[in-house]
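Comments concern the structure below.
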Amino acid sequence: MKMLLSLLIILAVLLTKPAYTLPETIEMKVDAKQGLGPVPDLFSSSIWIVKANNRYNIERFFQDNHPKAIQFTFDLFLPKTRSLEDYKHKFKNEFFHPSGIPYLIVQKAKEADAELIVGFDPFTIPAWLSLRQGDSRPAFTHESWWTIEQLSPPRDYQRWGEVVGFALSFLRNELGVKKLGFYVGHEPNWLWMGSEESLFQYYEAAAMAAKGVSSEIKVGGLGPWSVNAKKEGADFEGITPAIRELAKKEGGWKNPKGTPLLQSFIEYVSKNNVPLDFINWHSFTHNSKQFVSDCAMVSQWLKEKNLGHVRIYISDWAYWAGWPYPDDYLDTEETASEAITALFHMWEGGADWHGHDFDIQVNAHEDSRRRERRNAEFIGDWPLFTKHGIIKPVYNSFKALTMATKPSGGMTPELLKAESSSDDVVAIPTLKDDGIYLLLSNFVPKQARLRAPVTKLLLEKSGFSPEEIKWLKECIQEGKKSKKKDTLLSCKEKFIARVKDGQKTEVVEFLANIYSQLQKKPSLEKIFAYLGEISSNAKYPQTKKIASELSDMLKRTSFSKSLKITFEDLSFSPSAQATVYTIDSNNSNACKLNKKTEPSSTDTLCGIEGKVDKAVWKANADANTYAQKKLEDFLRSKGYGEKDLAFVREKISLAKKQKNLKQVLNQLTNKGFKKNDLMQGLKKLKTVREDYLRKQIDKINEWKEISLDGSKETTAVSVTKDMATLNISMEPNSVRLIILGKK
């Protein structure tokens, strides 16, 4: 509803300025002798890589991070092959050419001693293997690039097994990957154009092929979009008429009992004795506590079928509160704090692995936003880096996690127990050879998604029916169209006369009054005073409760939290040193640096044309100039004169505008340039430009306001009777890494 959205926009603006500290102090205790065992693999910067098209991002990530699991999708490779033999040749000699990024990922995974979990899904099936060969019709009305041919089952499961077996044999035996896994399925609950039975056979053929290469290769699936997602069929919204008819002819594709896909899958592998080493699903959520119950549910399904050895793997996950996408909060410190909090709740639920999104994109959405933002770096997308490689706050969270959990020296890091008087701030403490590491996250979603909570508080909790909500929405929209003033007040009177319900009337009056108050842009004190007045004077208990809960929510999203942390059983005294790294609105935050330095105020959270944008634009321009000079030097060495170089300069400039390099090459060849010279020169231009730009982006990423290291502070700490106390404050949506060690 537009009125509610307006109210929430005003609330969001007010909540971006935390100014006070709540009087309550969270008491936390970490005991160096209260070990919980080695740090689980879950507490690592594990990722899911899809595009594999940016060498800088890959190299930078592995420079700062130590993942335990890397899921790598062979994106769009298989559908481009023409036969089984063509696939084998291209997989070995082109896709994994030593100069390519896929080869680099394999080497980095080996260096990190990480599990490399590979797969072809989605876009799995090429024409030569598809059950519906030649059917290039789109499968979905809104995402036309997915064709029926690609999303269909294989027409020969044995040949599909050969595809899997060759890939894994090459990786294990020729590239030397010993920690190797294969995943099957990418949101097949809606992307698989077939029945559950055919999907399970698809998995079985792949699993048996993998184990045929080596029993040590781990296999798993099926990666639905949520843990309880069900197989979709002919009535799924968004499929094309062709798919609808196809599904109907084949029995609908849905599970007749409505059983979640993963539960049916577990039953199938148990009944048919099919190998299963891990079970995975995707998660895009703003409520990370859901991981606890989700993991418990899957554990129960596995236990019921005597599959207790299977690892629980949350793959393809990221913070998201629903459409619209892109959305600015995804580039802010809010996403950084959510990542650590989510991992903590996964651990509580018993998850073994995770795979946070590294470079997933929906190009149509991101490209549109970039055009709207005049090519700004920050558009609110999922990857850990911006388009040109600027690290986001969430990247720094994973770097901090790596610092806290990566082995160092001769000691295996140990997870410690943390006791706290509040669960508002999650804590991941570890013991390493140089001291205690304490990673803290204060996740309170203030920018993202006040919409749903407030709507629920003000309407659903008061018993409003869907029809009443719809009527109120339509009344407000009609008022906006007619440009009437005081639309809400007018609708309030009409609603009261229509409904004649005291409780609902009071809520609507409360809504109208708070909206009126917020239009005046009051201070936080006045907002809390007004909510306190409602809590005291409202006639109905439910209205009082709503005002109280709203007040509590605003406090949680507006104020810093004070923590008193006691470290016990320390092995060093009488003094220690605390080193603290911070991710918040002022530290380790390229987004907010860009916002603070934008030349004129915009309604974006990360700004447009700020310091970061300008630095990236300059780096690109300088890289172009430098590469152009190197190309001209190369052509001079081949005997070309200044007139020739001027002609090349003109044509390359034209090619950039028209994006038609092939035509320009033909024009230059016709002018007398040797094609071999041109190809060598252009290859040199590309390489030189990329190298130059990487160095410039690296320099930007090391700025004090952007890098995690730039937030580093040290202070002396007294140790008395093997105990030390540290008092800190944490902004909403902030992360802190505290390292307490010998001075």
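The values are calculated or read from the model by the stated rules, or taken from the named source; none is laboratory data. Predicted model only: the values in this text are computed from it and were never measured. Heads up, the Cβs are rebuilt from the backbone with ideal geometry, glycines too, and the neighbour counts pull from every protein chain shown. Each accessible area value is taken on the protein alone, full model and side chains, heavy atoms only, with ligands, DNA and RNA left out. Shrake-Rupley method; radii C 1.70, N 1.55, O 1.52, S 1.80 Å.
Observations on the structure shown:
- Of all residues in the stretch 537-589, those that are in contact with a helix residue (DSSP H, G or I) (Cβ under 7 Å, 6 or more places away or on another chain), of a type in the set (D, E, K, R) and either touching a residue at least 40 places away in the same chain (Cβ under 8 Å) or within 25 Å of ILE26 (Cβ to Cβ) (or both) total 2.
- Exactly one residue among SER293, SER288 is part of a helix (DSSP H, G or I), under 17 Å from GLY349 (Cβ atoms) and not hydrophobic (A, V, I, L, M, F, W, C), and that residue is SER293.
- Here the stretch 309-321 is the region considered, the condition is being closer than 13 Å to PHE278 by Cβ and not aromatic (Phe, Trp, Tyr), and the residue that is surrounded by the fewest Cβ atoms within 10 Å (Cβ to Cβ) is HIS309.
- Restricting the stretch 601-618 to residues that are without any contact (Cβ under 8 Å) to a residue 40 or more places away in the chain and hydroxyl-bearing (Ser, Thr, Tyr), the residue that is most open to solvent (accessible area, probe 1.4 Å): SER601
- Restricting the stretch 206-221 to residues that are part of a strand (DSSP E or B) and touching a helix residue (DSSP H, G or I) at 6+ places or on another chain (Cβ under 6 Å), the residue that is surrounded by the most Cβ atoms within 10 Å (Cβ to Cβ): GLY221
- Only residues that are assigned to a loop (DSSP other than H, G, I, E, B) and open to solvent by less than 40 Å² (accessible area, probe 1.4 Å) were counted across the stretch 124-139, and they come to 9.
- Residue list for the stretch 246-288, restricted to those being among the acidic types (Asp, Glu), at pLDDT 95 or above and open to solvent by 60 Å² or more (accessible area, probe 1.4 Å): GLU267
- In the stretch 645-661, the residues that are out of contact with any helix residue (DSSP H, G or I) (no Cβ under 9 Å at 6 or more places or on another chain) and at pLDDT below 70: LYS657, LYS659
- Scanning the stretch 619-648 for residues that are free of Cβ contacts under 8 Å to residues at least 12 places away in the same chain and either in contact with a Phe, Trp or Tyr (Cβ under 7 Å, 6 or more places away or on another chain) or assigned to a helix (DSSP H, G or I) (or both) gives ALA621, THR625, LYS629, ASP633, ARG636, SER637, GLU642, LYS643, ALA646.
- Residue that is nearest to ARG694 (Cα to Cα), among those in the stretch 627-649 that are open to solvent by 90 Å² or more (accessible area, probe 1.4 Å) and under 46 Å from the mean Cα position of the chain (by Cα): LYS629
- The listed residue being acidic (Asp, Glu) and closer than 30 Å to SER707 by Cβ, out of ASP113, ASP86, ASP135: ASP113
- Any hit, the stretch 242-253, residues being β-branched (Val, Ile, Thr), touching a Lys or Arg at 6+ places or on another chain (Cβ under 7 Å) and part of a helix (DSSP H, G or I): no
- Any hit, the stretch 725-733, residues being assigned to a helix (DSSP H, G or I) and on the phi < 0 side of the Ramachandran plot: no
- Members of the stretch 256-274 found to be within 30 Å of the chain's Cα centre (by Cα) and in a loop (DSSP other than H, G, I, E, B), listed by number: GLY258, THR259, PRO260
- Hey, ASP569 over 30 Å from ASP331 (Cα atoms), touching an Asp or Glu at 6+ places or on another chain (Cβ under 7 Å) and at pLDDT 80 or above or not: yes
- Any hit, the stretch 215-231, residues being basic (Lys, Arg) and in contact with a strand residue (DSSP E or B) (Cβ under 6 Å, 6 or more places away or on another chain): yes
- Picking from residues in the stretch 140-165 that are small (Gly, Ala, Ser) and at pLDDT 95 or above, the one that is surrounded by the most Cβ atoms within 10 Å (Cβ to Cβ) is SER152.
- Looking only at the stretch 85-123, and only at residues there that are open to solvent by less than 30 Å² (accessible area, probe 1.4 Å), free of Cβ contacts under 8 Å to residues at least 60 places away in the same chain and not aromatic (Phe, Trp, Tyr), the one that is nearest to PRO40 (Cα to Cα): ALA112
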